[in-house]
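Read the structure below first, then the notes.
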Ligand SMILES: C[S@@+](CC[C@H](N)C(=O)[O-])C[C@H]1O[C@@H](n2cnc3c(N)ncnc32)[C@H](O)[C@@H]1O
């Protein structure tokens, strides 16, 4: 392309489309030294390295002199720095700065865990059976024989639950494995230690001391799982073969920026003894309309899931509007806030300030859910080195369960 669309420039340099039009007018009037490219009587910024450097400077300058009347500065609370590790603070800063996104996984930390727990209990007790939690439980029940057959050569099965939540989806599965006398350990993996505590409490309440519960705080988008997954190999006495049944339920992976990166991360820690079970809500006209993430009966309000992180970052002091919709181009449902004022978030990293700036009308993404068909999911797993062993779809065509193992390939 010989020129940039105004919307492209606005998105790249975090300025409004109106600001880009002002720059183009200034260039036409000889007040700004950027070269233009004319198409059908309209002027655009020409695609040149020199123009790009000028635009970058203009955007930086503009931030220095923003309108202080409508300009809001917030600083995260001391509790924010207590809850999030240094690495996580940097991940939040980078994600806001580079992608205008508050990473979803961090909403489950601290008090956010209880908000998810309440939402999940609402799904579990719902009289409408078509929700993701009840369908996941049903899929695991209906496909238990198929999974057991795949694992029949093993004496014990360690269940490794990635993104454990409150463990409600696996309660029946654990019960079946216990009754078959084939359950090894139950390993709860989650980015949120508060979520793990809730899962631990539930497991103790449901099963007393019958389950060997272990847990690991890890982020599946960037922590390798090899240490966790390899323990069955070290634990296996010579007369007892232990397999890992790795679970990734609740569509957690569909919130990742890149599902393929996350899948590759998980696959890279798997060994030949492991099978990987996932459950997904599929792309259907019905799922595109689904937006009820609220804990209570209210709809299309900012869910209380966000209360904790918004309070910790002081984001409730900002004037914003919630937007929730399905994007047919990116093929994702999303929730985001649109800022009604310029905003600076001042982070402190090792006593140094790090400021992330936003302009009025910028958006901050809070939740994405990628939409994929069953064939797209199977192809994606295949590209990531995972071989399909079994798949099943619910009668209504809305949910898919897949069982994979690592592809054994010679390179
Ligand atoms: C949508 S809930 C699903 C919980 C449960 N698996 C279910 O199906 O009900 C997501 C869970 O995964 C955790 N989680 C989200 N992103 C994560 C990440 N990147 N790494 C590890 N855990 C994550 C959350 O803390 C939460 O417990």
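Quick notes on this structure:
- In nm, spacing of pseudo-spin labels at residue 172 and residue 230 (7 Å Cα→C-beta vector): 3.7
- Fewest-first sequence of 277, 160 by Cβ atoms within 10 Å of each Cβ: 277, 160
- With neighbours defined as other Cβ atoms within 10 Å of a residue's Cβ, the residues 101, 40 order from fewest to most as 40, 101.
- FRET efficiency, 1/(1 + (r/R0)^6) with R0 22 Å, evaluated for residue 201 and residue 99 via beta carbons: 0.05
- For a label point 7 Å along the Cα-to-beta-carbon line of residue 338, residues of the stretch 1-23 with backbone N under 19 Å: 6-21
- Distance in nm between pseudo-label sites at residue 379 and residue 61 (7 Å out along the Cβ direction from Cα): 4.7
- Mean separation of Cα contacts under 8 Å, 6 or more apart, over the residue count of the stretch 3-65: relative contact order %: 33
- Computed on the Cα atoms alone, the convex hull of the stretch 3-65 gives a volume of 76 cubic angstrom per residue.
- Cα long-axis angle, helix 112-124 against the chain (0 to 90 degrees, to the nearest 10): 60
- Seen from all directions on average, the chain presents a Cα convex hull projection of 24.6 nm².
- Computed [θ] at 222 nm, helices only, for the chain once each DSSP H run of length n ≥ 4 contributes -39500 (n - 2.57): -10500 deg cm²/dmol
- Going from the fewest other Cβ atoms within 10 Å to the most, the residues 1, 195, 225 appear in the order 1, 225, 195.
- Gain in span if fully extended, residue 355 to residue 311, counting 0.36 nm per residue against the direct Cα distance: 14.0 nm
- For residue 272 and residue 53, a Förster radius of 60 Å and the Cβ-Cβ distance give a FRET efficiency of 0.70, rounded to the nearest 0.05.
- Modelled spin-label separation between residue 238 and residue 153, with each label point placed 7 Å from Cα along the Cα-to-Cβ direction: 2.0 nm.
Here, each number is a calculation from the coordinates, and none is a lab measurement. Predicted model, so just to flag it, every value in this text is computed and none were measured. As a convention, Cβ positions derive from the backbone with ideal geometry for all residues, glycine included, and neighbour counts pool all protein chains shown.
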